[in-house]
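The values are calculated or read from the model by the stated rules, or taken from the named source; none is laboratory data. Small disclaimer: the values here were computed from a predicted structure and weren't measured. Note: ideal-geometry Cβ built from the backbone for every residue, glycine included; neighbour counts use all protein chains shown. Only protein heavy atoms, including side chains, enter the accessible area calculation; ligands, DNA and RNA are left aside. Shrake-Rupley method; radii C 1.70, N 1.55, O 1.52, S 1.80 Å.
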Amino acid sequence: MIRVVVADDQALIRAGLRMILENADDMELVGEADDGAAAADLAIGTRPDVVLMDVRMPGVDGLEATRRIRAALPDGPRILVLTTFDLDEYVYAALRAGAGGFLLKDALATDLLSAIRVVAAGDAIVAPPITRRLIERHIGSPHDPLPRTEAELRVLTSREREVLSLIARGLSNAEIAGRLFVTEGTVKGHVSAILAKLGLRDRVQAVIFSYECGLVRTGA
């Protein structure tokens, strides 16, 4: 069972999420919070697999709550950010703070459940076009010199750089395997090596890194 905590200040949103989770055979709702401070305390206390985190809440927002959870439980629950189009800057900051991915609040129930399963498995694939728009909008120009990240990029083999660029474009492991004519297991090995060499936690951070260091260019 995937244990889930829901954090949102809107009662109707929480009720909708509760209904969706209760109808999923492989998920269990272990608690709800209506502000970031309560969400952090609840997540730290119950140690769920996934936290569905709203970003804009009264008092402590979802960004600070994410930081608190990450500080207390570095290897703890995966955090899936819930947002709307007008909160782009919050989403990007949440990803940088340690969130494992995000969904728009108008996502279909099936997409929400799928995202929870993917995030719980630690394979946060950054596929939606909106994700790429967020990253491109907030990292600045990819042509700016970044000696530190460029140096880190050089630790990768040519094939690992190729895999990283495909991750940044939103391809899944299966899609990358098909593109490179290798097995999915081989791709998983490359992904693990990339994350280890660059000191990244997951694919979300890998995508951000790819844009920041210029491996993938805006509009590419």
Residue count, the range 53-75 (criterion: surrounded by fewer than 17 Cβ atoms within 10 Å (Cβ to Cβ), among the small types (Gly, Ala, Ser) and touching a helix residue (DSSP H, G or I) at 6+ places or on another chain (Cβ under 7 Å)): 2
For the range 167-181, how many residues meet the condition of being more than 13 Å from Ile208 (Cβ to Cβ) and modelled with pLDDT of 80 or more? 9
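Against the condition at pLDDT below 80, farther than 18 Å from Met27 by Cα, of a type outside the set (Phe, Trp, Tyr) and open to solvent by less than 60 Å² (accessible area, probe 1.4 Å), how does Gly122 come out, does it pass? Walk me through it before giving the result.
Values: at pLDDT below 80: yes; farther than 18 Å from Met27 by Cα: no; of a type outside the set (Phe, Trp, Tyr): yes; open to solvent by less than 60 Å² (accessible area, probe 1.4 Å): yes.
It is false that Gly122 is at pLDDT below 80, farther than 18 Å from Met27 by Cα, of a type outside the set (Phe, Trp, Tyr) and open to solvent by less than 60 Å² (accessible area, probe 1.4 Å).
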Could you list, in sequence order, all residues of the range 36-52 that are open to solvent by 40 Å² or more (accessible area, probe 1.4 Å), free of Cβ contacts under 8 Å to residues at least 60 places away in the same chain and assigned to a loop (DSSP other than H, G, I, E, B)? Arg47
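Taking the range 127-166 as the region of interest, how many residues are modelled with pLDDT under 85 and aliphatic (A, V, I, L, M)?
Here is the first cut: in the range 127-166, the ones modelled with pLDDT under 85 are 127-153.
Pick out the ones that are also aliphatic (A, V, I, L, M) and you get 127, 130, 134-135, 139, 146, 151, 153.
Of the residues in that region, 8 qualify.
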Could you please let me know if Ile208 is open to solvent by less than 40 Å² (accessible area, probe 1.4 Å) and either modelled with pLDDT under 90 or within 20 Å of Arg96 (Cα to Cα) (or both)? yes
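Hey, any hits in the range 112-119 for a residue that's under 29 Å from Arg18 (Cβ atoms), at pLDDT below 75 and either polar (S, T, N, Q) or not assigned by the TED database to the domain that holds Ala15 (or both)?
We begin by selecting, within the range 112-119, every residue under 29 Å from Arg18 (Cβ atoms); these are 112-119.
Remaining after also requiring at pLDDT below 75: none.
Looking through the range 112-119, none of the residues is under 29 Å from Arg18 (Cβ atoms), at pLDDT below 75 and either polar (S, T, N, Q) or not assigned by the TED database to the domain that holds Ala15 (or both).
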I'd like the full set of residues that are part of a loop (DSSP other than H, G, I, E, B) and either among the hydroxyl-bearing types (Ser, Thr, Tyr) or open to solvent by less than 70 Å² (accessible area, probe 1.4 Å) (or both), limited to the range 1-19. Asp8, Asp9
May I ask you to list the residues in the range 174-190 that are crowded, with 21+ Cβ neighbours inside 10 Å and either among the β-branched types (Val, Ile, Thr) or under 25 Å from Val81 (Cα atoms) (or both)? Ile176, Val187
I'd like the full set of residues that are hydrophobic (A, V, I, L, M, F, W, C), farther than 19 Å from Val55 by Cβ and touching a residue at least 12 places away in the same chain (Cβ under 8 Å), limited to the range 1-35. Met1, Ile2, Ile20, Leu21, Ala24, Met27, Leu29, Val30
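For the subset of the range 191-205 comprising residues that are open to solvent by less than 50 Å² (accessible area, probe 1.4 Å) and in a helix (DSSP H, G or I), which member is nearest to Phe102 (Cα to Cα)? Break it down stepwise before answering.
Pass one, the range 191-205, residues open to solvent by less than 50 Å² (accessible area, probe 1.4 Å): 191, 193-195, 198, 200, 202-205.
With the extra rule that they be in a helix (DSSP H, G or I), the set shrinks to 191, 193-195, 198, 203-205.
Working: Val191: 21, Ala193: 24, Ile194: 22, Leu195: 20, Leu198: 22, Arg203: 13, Val204: 10, Gln205: 13 Å.
Checked the range 191-205; the qualifying residue nearest to Phe102 (Cα to Cα) is Val204.
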